[in-house]
1. Counting Lys and Arg as +1 and Asp and Glu as -1, what is the net charge of the other residues whose Cβ lies under 12 Å from the Cβ of VAL54?
2. Just tell me which lysines come within less than 18 Å, Cα to Cα, of LYS28; anything on the same chain fewer than 8 places away is out.
3. Projected onto the charge dipole of segment 34-83 (+1 at Lys/Arg Cβ, -1 at Asp/Glu Cβ, origin at the Cα centre), which of VAL54, THR77, GLY38 gives the Cα projection farthest towards the positive end?
4. Of the listed peptides 8-15, 66-73, what is their order by residue-averaged count of other C-beta atoms within 10 Å, with the highest listed first?
5. Can you list residues from other chains, or at least 5 along the same chain, whose modelled amide H is less than 5 Å from the amide H of TYR52?
6. Hey, what do the phi angles of segment 24-31 turn into as Karplus ³J(HN,Hα) couplings, whole Hz, using 6.51/-1.76/1.60 and θ = phi - 60°, x for Gly and Pro?
7. How large is the Kirkwood hydrodynamic radius of segment 11-70, in angstrom, based on all distinct alpha carbon pairs?
8. State to the nearest 20 debye the size of the charge dipole of the chain about its Cα centre, where the only charges are +1 on K and R beta carbons and -1 on D and E beta carbons.
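Read the figures in this text as sums done on the coordinates, not as results from a lab. Computed from a predicted model, the values in this text were never measured in an experiment. Cβ placement follows ideal geometry from the backbone for every residue including glycine, while neighbour counts extend to all protein chains displayed.
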Amino acid sequence: RVGDELDIVLSADISDDNSKIALAGPQKLVRIYNTADGRLVHEMKKHTDWIYAVRFSPDGLLLATADRSNGMFVWETDTGRFY
């Protein structure tokens, strides 16, 4: 079990090394969890609409997110900062 989302999850992705999972949805938040213990690592808020897509880069260093208003952001997975 990962996360305690109060609403539906519209998109999720797991890093290639299986160490992180990203969840997003209508709350306009991106949450990254550690898969080993399920703890929340980062919570990012910059989107202004429902988030429909999250994808880790192949090396797991970046996370791309997109919403239904064509907003797209790239995040550093280790820091949670906007890239």
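1. Working: positive: LYS20, ARG31, ARG55; negative: ASP13, ASP67.
Net charge in that neighbourhood comes out at +1.
2. Qualifying lysines at Cα under 18 Å: LYS45, LYS46.
3. Toward the positive end, the furthest listed residue is VAL54.
4. Working: 8-15: 15.9, 66-73: 13.9.
Going by the mean number of other Cβ atoms within 10 Å, highest first, we get 8-15, 66-73.
5. Sorted by chain and number, the residues that satisfy this are ALA66, ASP67, ARG68.
6. 7, x, x, 6, 6, 10, 10, 10
7. Details: mean 1/r = 0.0873 Å⁻¹.
Evaluated over segment 11-70, this radius sits at 11.5 Å.
8. Values: 10 positive and 13 negative charges, 47 e Å.
Here the chain has a charge dipole of around 220 debye.
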